[in-house]
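Reviewing the structure listed below.
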Amino acid sequence: MSNTKIAVIGLGYVGLPLARLFATKYSVIGFDINNNRIKELQSGKDTTLEVSDDLLKEVLKQTPDNSSGLFCTDETDHIKDCNVYVITVPTPVDKNNRPNLTPLYKSSETVGNVLKKGDIVIYESTVYPGATEEECIPVLEKVSGLTFNEDFFVGYSPERINPGDKEHTVEKILKVTSGSTPEIGKKVNDLYASVITAGTHLAPTIKVAEAAKVIENSQRDINIAFVNELAKIFNLMDIDTHAVLEAAGTKWNFLPFKPGLVGGHCIGVDPYYLAQKAQEIGYHPEIILAGRRVNDGMGQYVASEVIKMMLKNNIKVNGAKVLMLGITFKENCPDVRNTKIIDVVKHLKEFGLDISIYDPWADPSEVKHEYGLVTTSKQPEERFDTIVLGVAHNEFLNANFDDLLNPGGLIYDVKGILGEKVIQVQGGL
Ligand SMILES: NC(=O)c1ccc[n+]([C@@H]2O[C@H](COP(=O)([O-])OP(=O)(O)OC[C@H]3O[C@@H](n4cnc5c(N)ncnc54)[C@H](O)[C@@H]3O)[C@@H](O)[C@H]2O)c1
């Protein structure tokens, strides 16, 4: 497209890296409703740590002109003259695990208000198949007064980034694209192909692209649920699950999944989107929801295993000083949303443990705000009766646990990362 001017709506873990990448070639307006986020980005800082200060500063510009670069704003006036709108807002679930499409409706309204003839709106947020056409496009039509596929067009291109992963960055991950007509599909595909070095895959329809994304994460969730179930069985039999997986993994087609807590707002959330749609159309998904049940119960299971280990080793449970290592939903990433460590902490507290939480990646004020818990980002100087290694941050791999444990103290290594290096390890998934 000539004179392409792109607005990226929602500058979070997905939107910012994409806006930065497009800005190396195009004029990009990054729009977010969170004024604090805009201020930090304008100052050249990304607290999600997905885009380095250097890369961000390389593209940042102070005016919304038509030259290539990224201008960040929370004013809708600045996105008025864009012709491509890419929507990267959150798609969470509510407390009953039902899809909450409010950010998608709101951002579609924002775009509907500035939509013009010939514009293309591309959704990137993870949804169930049909959500773009059934939920988003009607909002665009209603607010803009324009007609879909006559006046304006739509695409869907799911994001596959993996927060904290500095190897598989947005441009290095093959991108699935789609459009509301074959011609628009090709235009959307060409746009992404112009910046994604790993290439693109043009799916035949928007629904196919939506379904592809939601099953990628559902497949992962189900596979992890299976190994979590295996860990529960083998723990009862006193068999080391990691040793079993290592042995089985020598077969060429054995899939290398590890047991663990499934948190965050993708793998633990997206299967509910698919399940909800399936139920709406009259099919009760057995495997998808079983996977969710197993994985959602792992926090409580870990807590009960920790207590069992303490009792077996004659550690007085009530009032015991316990250190939780890690609070983020995954390793080497500051994201604390939907972290399942919270479930472990909550269940451990029911046994009267005195829990401290140390995480060098998490922002203590964010944890306090989200969960009402006190955390520290500096290694504690006191010693503990038990350590639960919950998140495999690099900092914990080579920690000196003798400085942290009371004599006779024990470590529960949820992720099984310490191996035989640390003799105090007595349990783990
Ligand atoms: N984080 C991931 O690893 C990842 C990977 C692939 C796909 N996804 C999907 O991408 C989407 C975005 O996820 P994320 O992790 O970037 O979320 P995020 O919460 O990090 O960022 C979303 C941003 O959108 C902003 N926002 C919310 N409502 C808005 C509105 N109406 N208008 C403008 N801005 C608005 C928020 O302020 C926030 O800055 C979700 O659908 C998610 O499932 C996420």
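The values are calculated or read from the model by the stated rules, or taken from the named source; none is laboratory data. These numbers come from a predicted model, not from an experiment. No Cβ is skipped: glycine too gets one built from the backbone with ideal geometry, and neighbour counts run over all protein chains shown.
If you go through region 253-292 and pick out every residue that is more than 16 Å from the ligand (Cβ to nearest atom), over 19 Å from ILE341 (Cβ atoms) and not hydroxyl-bearing (Ser, Thr, Tyr), you end up with 18. One residue stands out in region 272-295 among those that are aliphatic (A, V, I, L, M) and closer than 23 Å to LYS207 by Cβ: the one that is surrounded by the fewest Cβ atoms within 10 Å (Cβ to Cβ), namely ILE281.
Screening region 397-417 for residues that are of a type in the set (A, V, I, L, M, F, W, C) and in contact with a Leu (Cβ under 7 Å, 6 or more places away or on another chain) and picking the one that is nearest to ILE224 (Cα to Cα) gives VAL414.
Close contacts from region 21-39, counting a first residue that is under 15 Å from ILE79 (Cβ atoms) and free of Cβ contacts under 8 Å to residues at least 40 places away in the same chain and a second that is within 9 Å of the ligand (Cβ to nearest atom) and in a helix (DSSP H, G or I), with Cβ to Cβ under 6 Å and a gap of 6+ residues or different chains, come to none at all. Going residue by residue through region 391-413, is there one that turns out to be of a type in the set (Asp, Glu), within 23 Å of ASN235 (Cα to Cα) and without any contact (Cβ under 8 Å) to a residue 40 or more places away in the chain? Among the residues of region 391-413, at least one is of a type in the set (Asp, Glu), within 23 Å of ASN235 (Cα to Cα) and without any contact (Cβ under 8 Å) to a residue 40 or more places away in the chain, which makes the answer yes. Within region 21-40, the set of residues being within 13 Å of the ligand (Cβ to nearest atom), in contact with a helix residue (DSSP H, G or I) (Cβ under 7 Å, 6 or more places away or on another chain) and within 22 Å of CYS333 (Cα to Cα) comprises just one member, ASP32.
For region 1-15, give me each residue that is buried (at least 23 other Cβ atoms within 10 Å of the Cβ) and within 8 Å of the ligand (Cβ to nearest atom). Selection gives ILE9, GLY10, LEU11, TYR13, VAL14, GLY15. Kindly indicate whether THR48 is within 14 Å of the ligand (Cβ to nearest atom), closer than 16 Å to ILE6 by Cα and either of a type in the set (Phe, Trp, Tyr) or assigned by TED's automatic domain parsing to the domain that holds ILE137 (or both). No. Would you be able to tell me the number of residues in region 111-123 that are within 15 Å of the ligand (Cβ to nearest atom) and either in contact with a strand residue (DSSP E or B) (Cβ under 6 Å, 6 or more places away or on another chain) or assigned to a strand (DSSP E or B) (or both)? Here the count works out to 5. The set of residues in region 316-358 being away from the ligand (no atom under 16 Å from the Cβ) and touching a His at 6+ places or on another chain (Cβ under 7 Å) consists of GLY326 alone.
Inspection of region 285-299 finds a residue satisfying the criterion of being under 30 Å from GLU134 (Cβ atoms) and assigned to a loop (DSSP other than H, G, I, E, B). For region 114-122, the criterion of a residue being on the phi > 0 side of the Ramachandran plot and out of contact with any Asp or Glu (no Cβ under 7 Å at 6 or more places or on another chain) is satisfied by at least one position. When you check GLU382 against the structure, is it touching a residue at least 24 places away in the same chain (Cβ under 8 Å), in a helix (DSSP H, G or I) and over 20 Å from ILE267 (Cβ atoms), yes or no? Against the criterion (touching a residue at least 24 places away in the same chain (Cβ under 8 Å), in a helix (DSSP H, G or I) and over 20 Å from ILE267 (Cβ atoms)), GLU382 does not qualify. For the criterion of being more than 16 Å from the ligand (Cβ to nearest atom), of a type in the set (S, T, N, Q) and modelled with pLDDT of 95 or more, SER108 fails.
In summary, helices (runs of 4 or more DSSP H) completely within region 144-255 and bearing 3 or more residues that are over 18 Å from the mean Cα position of the chain (by Cα) and under 27 Å from ILE287 (Cβ atoms) occur at 206-236, 241-248. The residues on offer are SER218, SER180, SER157, and the sole one that is among the hydroxyl-bearing types (Ser, Thr, Tyr) and more than 16 Å from the ligand (Cβ to nearest atom) is SER180. Close contacts from region 118-132, counting a first residue that is under 26 Å from GLY268 (Cβ atoms) and a second that is more than 10 Å from the ligand (Cβ to nearest atom) and modelled with pLDDT under 95, with Cβ to Cβ under 9 Å and a gap of 6+ residues or different chains, come to none at all. For region 105-138, the tally of residues that are hydrophobic (A, V, I, L, M, F, W, C) and under 16 Å from ILE79 (Cβ atoms) stands at 6. In the set (1) free of Cβ contacts under 8 Å to residues at least 12 places away in the same chain; (2) within 12 Å of the ligand (Cβ to nearest atom); (3) of a type outside the set (S, T, N, Q), PRO103 fails one condition alone, (1).
Just one of the numbered conditions (1) β-branched (Val, Ile, Thr); (2) without any contact (Cβ under 8 Å) to a residue 24 or more places away in the chain; (3) assigned by TED's automatic domain parsing to the domain that holds VAL111 is not true of THR250: (3).
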